[in-house]
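Working notes, beginning with the structure itself.
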Amino acid sequence: MEGLRQSARGTTGKIIIVIAVVAFVFLGFIAVIGNVSIGSIKVNGEKITPVELSSATNSIMTTYSQMGITEEQARQFAINELVNQKAFTTTIDALGMIASNQLVEENIQTDPEFTLDGQFNLEAFKRTVGRNYLTVEQYKGFVAKELMRTQFQQGAFATGFVLDSEAKDLYAIENQTRTYQVKTINQSDFIDQVVAPSQEKIQTYFDSNRTDFMSAEVTTVDYFSIETTDLVSDISITEDEINESYDQYVADQKAKATKTVSHILISTEERSNDEALEIANAALSKIQAGVEFSKVVAEYSEDIASNEIGGYYGEISTNSFGDADFILAGTALTEVGEVSKPTLSQFGYHVIRLDALNEFEMLSLEEKRDELVESLNNSKLEIALSAKIDDINNARFEVDTLTQLAKQYNAEVISSIKVLRNGGDEVTSATAFKNAAFSEQNRDEDLISEVIKLNENTLVLIDIVDYTPEQVKALDEVNSQIADILVKSEAKKMAEEEAGKIVEQYQSALVANLELDGFSEAKTIQRTDSSESNAIVTALFDMPKSSEQVSIKAVQDGENQTVIVLSSVENADVDTQSAEFTAFKQTLQSTDSREALQAYTASVIKKAKVSGL
């Protein structure tokens, strides 16, 4: 429904969109069913009603329409989420949790969705709820469930418990300061010491890593370009065409018009279709006898939301979401005051009255003329250009060379252009150009390409004259590159060995006798410090601190080896009254509570008794 499209953006939408999808994503809920039909699904004895499924499905369709979701996909997703939601809310009900009517009313009256100039607007509330095809009581029920769910979550978070001593210890460790010194062993310092690799070693490396030495795929093409303005010009627009286009505009605007309707609903949820039809006919007879529509609504209608406002349903159009039969019957009414025959929807029988015709803005021909002329001109240009492109594509088969074809259009051929899969100039970098240049069909059949639309103004045709696939380079092309790789690899090993010797030299030394040679001055660092590389920080905070022996470690840091000596670890002073410590403790509590709540809700879903699938 059209109202759903708007309400899905606010609090109403959050409640209607599968009632609590956001909550279940947060809680880590899992889908427990697959492809099912609604039938008479019950979760822990509570039924999923057609109204709930319809509202949820329409909301999901609205929310995810740009993602191309189908109605059936939305429906199945809605069923899954409704089963999850019912499992959780029935569990909450079993715990005896309630949301008072006063709390529900306060929540609704403070909802920005229903306020106007800072005040609660009853008509806005009824109109929004009615357009979403919910009764007031149904909506209040959803709000109550949402409030109870929120209360449960808040209660669960309130039970999160972390001892002050535990939080204090963790805070001190998390914010500790470490004092250290480093010595960098540069790989480059060993390059000159490496013996040049033999040709045999180079060959062996090449044979084991051939795919690392591939030449780029390249195609060589000739091409020429044509400007579209050289092909099509002097488009003329007649008055008859303008008038015809204006008539179509008027028809389109009329199709966009909405109709305001009211209705009487006789539900089939607890009675047969025949019984509901008999009641609906009785209501229609009273209206035809002259009884006020609102009085018949009050006597017969079972839609509480619209019942309270004279059966008011809202605006509908042929593009509206909602029950297709209801929309069809409502939009078929043409005169204000006209009443439909009883119409069956998924909810029951409706007697629908047309209250108002809401026309879209209709510009005069003169007001619309310039826009119509521009549109007609663009359309004719497109048609004429398409015909010219077809002519060029056909002409490809009547010539022997690209040059002959280019001459027909006074174009100059640009020859022997090498094209790579990546990169290129303004022309050769275009995706359409590359697709044609690397086309196997064009290459294998020696075809001039079809016309390539490079942009709105330029067309291109190409002829592939040579192609070299990606292939392993010859050894002599990469010989020096491999030699360099092997030299650096050997230098890396030598740096690692040197670092290992330094570690061995100091690791058994006593802290009291520590004298470091060639190390940096002592520095301090915390976990979040960015003055050192991530490799050094990670290694430093993984190192244990001994009170007697030196804590030392070598790590790979880029191309180099870095030897780290950890000399002291100082836990942070903790002010348990500070805002930082309070926030840290709350984070610990929230993490603990969230994990416990996720485990609990997952078990609720797993244990749920679901029937009717």
Legend entry - Rg [Å, one decimal], Dmax [Å, integer] - the chain, C-alpha atoms: 38.0, 111
Inset, instruction - Using a 1.4 Å probe over the heavy atoms of the protein chains, calculate the carbon and sulfur portion of the accessible area of region 354-418 as a whole percent. - result: 48 percent
Legend entry - MRE, 222 nm, helices only [DSSP H, n ≥ 4, -39500 (n - 2.57), over the chain, to nearest 500]: -15500 deg cm²/dmol
Inset, instruction - Determine which lysines satisfy two conditions relative to Lys259: a Cα distance under 20 Å, and not lying fewer than 8 residues away in the same chain. - result: Lys126, Lys341
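Can you send over the carbon and sulfur percentage of the accessible area for region 423-475, probe radius 1.4 Å, protein chains only?
That fraction is 38 percent.
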Legend entry - Under 24 Å from the Cα of Lys168 - lysines, other chains or at least 8 residues apart: Lys545, Lys585
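The values are calculated or read from the model by the stated rules, or taken from the named source; none is laboratory data. Here the structure is a predicted model, which means the values were calculated and not measured. We work out accessible area using only protein heavy atoms, side chains counted, and drop any ligands, DNA or RNA first. Shrake-Rupley method; radii C 1.70, N 1.55, O 1.52, S 1.80 Å.
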